[in-house]
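K.L.:
First the structure, then my questions, so here it is.
All of the numbers you see were taken from the coordinates with simple rules; none came from a lab. Remember, it's a predicted structure, so these values are computed and weren't measured experimentally. Note: ideal-geometry Cβ built from the backbone for every residue, glycine included; neighbour counts use all protein chains shown.
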Amino acid sequence: MTAHYRSVFRPGLFAGQVVVVTGGGSGIGRCTAHELASLGAQVVLLGRRLEKLQYVASEIVADGGRCTFHRCDIREETQVQDVVQAIVVAHGRIHGLVNNAGGQFISPAESITARGWEAVVATNLTGGFFMARECFVQSMQAHGGAIVNMVADIWGSMPGMAHSGAARAGMVSFTETTALEWARYGVRVNAVAPGYIASSGMDHYPPDQGPRLRAMHATVPAGRFGTEAEAAAGIVFLLSPAASFISGTVLRIDGARPQVRMGWGQAAAPAEVQQREAVRPFDGFHRYQPPRVFAQQPDLEEGAE
């Protein structure tokens, strides 16, 4: 492990900026927070588990970055209002929001209960709405800013996750709508849609899903899983000045997975193709650890790096 995040963006790109990252205690959120801090941002982590936030914040500080954290359940409107207010009081304004927090469980549509449906929609849609609205009302309406919402590979449906697919599709529409409504205030709103990313989120599924999770890379034309750093780089780009004329769009980070169609045989690219410069895995995150689920079948770990 090297001493610092190996970002492709220039040093100091976010110096003087305050960026809030929800779900920053693990996975893509943790990786994104590290990259933003390495580029000079004052990162503010939000999440439900304080110990995870403390751990990531200590990593960032140890690496020379600046990071604070707040416990917040984004599904609770009052908590969101209060924590955004606290951030604005402490730092003056919010320059960027990474609406990363989310989660779901595997279930056929007919088995999803009302409680399960509502929980997933609240986490993946309503909570993101609360965060975006409050960052806008309490800071960005007066000063401008950039928001990046997290969605998923919903193109062609999400079998086994109807609740998440519906919520993520809703977030795509919310992204497009707020990009239009808030443009006159100097606010850009975009989304990223990660495909199969080798992230710690994979370890949240039941153990019996392990074989299925480990085999998913075979359906990706790029022939591998994406890295957390590749997802983070897309988020950082959309927050950056290079994306100043990009708003209301969804950046897919999926190795062309939604383009897979019947009749084309094996989707995965040969191993030698995966090492060519244009598609070689980007491993910028110096603290990355593969999901535990991959350790159960070491011969697939190469595809997950």
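K.L.:
Given all pairs of different Cα atoms, what value in angstroms does the Kirkwood hydrodynamic radius of segment 18-304 take? Before the final figure, lay out the partial values.
P.N.:
Numbers: mean 1/r = 0.0517 Å⁻¹.
For segment 18-304, the Kirkwood estimate is 19.3 Å.
K.L.:
Taking 0.36 nm per intervening residue step and subtracting the Cα-Cα distance, what contour gain separates Arg49 from Ala15 on full extension?
P.N.:
Value of the extension gain: 9.5 nm.
K.L.:
Would you mind ranking Thr123, Thr22 by Cβ crowding within 10 Å, fewest neighbours first?
P.N.:
Final ranking by Cβ density, sparse to dense: Thr123, Thr22.
K.L.:
If you average 1/r over every pair of different alpha-carbon atoms in segment 103-155 and take one over that average, what Kirkwood value in Å do you get?
P.N.:
One over the average 1/r among Cα pairs gives 13.1 Å for segment 103-155.
K.L.:
In addition: Taking amide hydrogens as modeled 1.01 Å from N in the peptide plane, which residues meet the under 5 Å criterion relative to Ile197, leaving out close sequence neighbours?
P.N.:
Placed amide hydrogens put Gly226 under 5 Å from Ile197.
K.L.:
So, one more: Please give the length that would be gained between Arg280 and Glu76 if that part of the chain were fully extended, namely 0.36 nm times their separation in residues minus their C-alpha to C-alpha distance (nm, one decimal).
P.N.:
Computed gain between Arg280 and Glu76 is 69.4 nm.
K.L.:
Further question on the same structure: Using Cα pairs under 8 angstrom and six or more residues apart, how large is the relative contact order of the chain, in percent?
P.N.:
Relative contact order comes out at 18 percent.
K.L.:
Can you compute 3J(HN,Hα) from phi for each residue in segment 234-245, using the Karplus curve 6.51 cos²θ - 1.76 cosθ + 1.60 with θ = phi - 60°, rounded to whole Hz and x for Gly and Pro?
P.N.:
x, 5, 4, 4, 5, 7, 7, x, 4, 9, 5, 10
K.L.:
Taking the DSSP beta bridges in the chain as the whole, what percent of them are antiparallel, to the nearest 5? Don't skip to the answer; put the middle values down first.
P.N.:
On the way: 0 of 30 bridges.
That works out to approximately 0 percent antiparallel.
K.L.:
At a 10 angstrom cut-off on C-beta neighbours, averaged per residue, how do the peptides 44-55, 125-136 rank from highest to lowest? Please list the in-between numbers first.
P.N.:
Values: 44-55: 19.1, 125-136: 22.4.
Going from most to least packed, we get 125-136, 44-55.
K.L.:
Tell me which residues come under 5 Å, amide H to amide H, from Asn149 once H is placed; ignore anything under 5 positions away on its chain.
P.N.:
Asn99, Asn190, Ala191, Val192
K.L.:
May I pose another question? Using alpha-carbon pairs under 8 Å, 6+ residues apart, how would you state the relative contact order of segment 1-111 in percent?
P.N.:
Answer for segment 1-111 is 29 percent.
K.L.:
Highest mean first, how do 163-172, 283-292 rank when packing is the count of other Cβ atoms within 10 Å averaged over residues?
P.N.:
Those peptides, ordered most packed to least, come out 163-172, 283-292.
K.L.:
Related question: If amide hydrogens are placed 1.01 Å from N in the peptide plane, which non-local residues have theirs closer than 5 Å to the one on Ala41?
P.N.:
Amide H neighbours of Ala41, under 5 Å, 5+ apart: Phe14.
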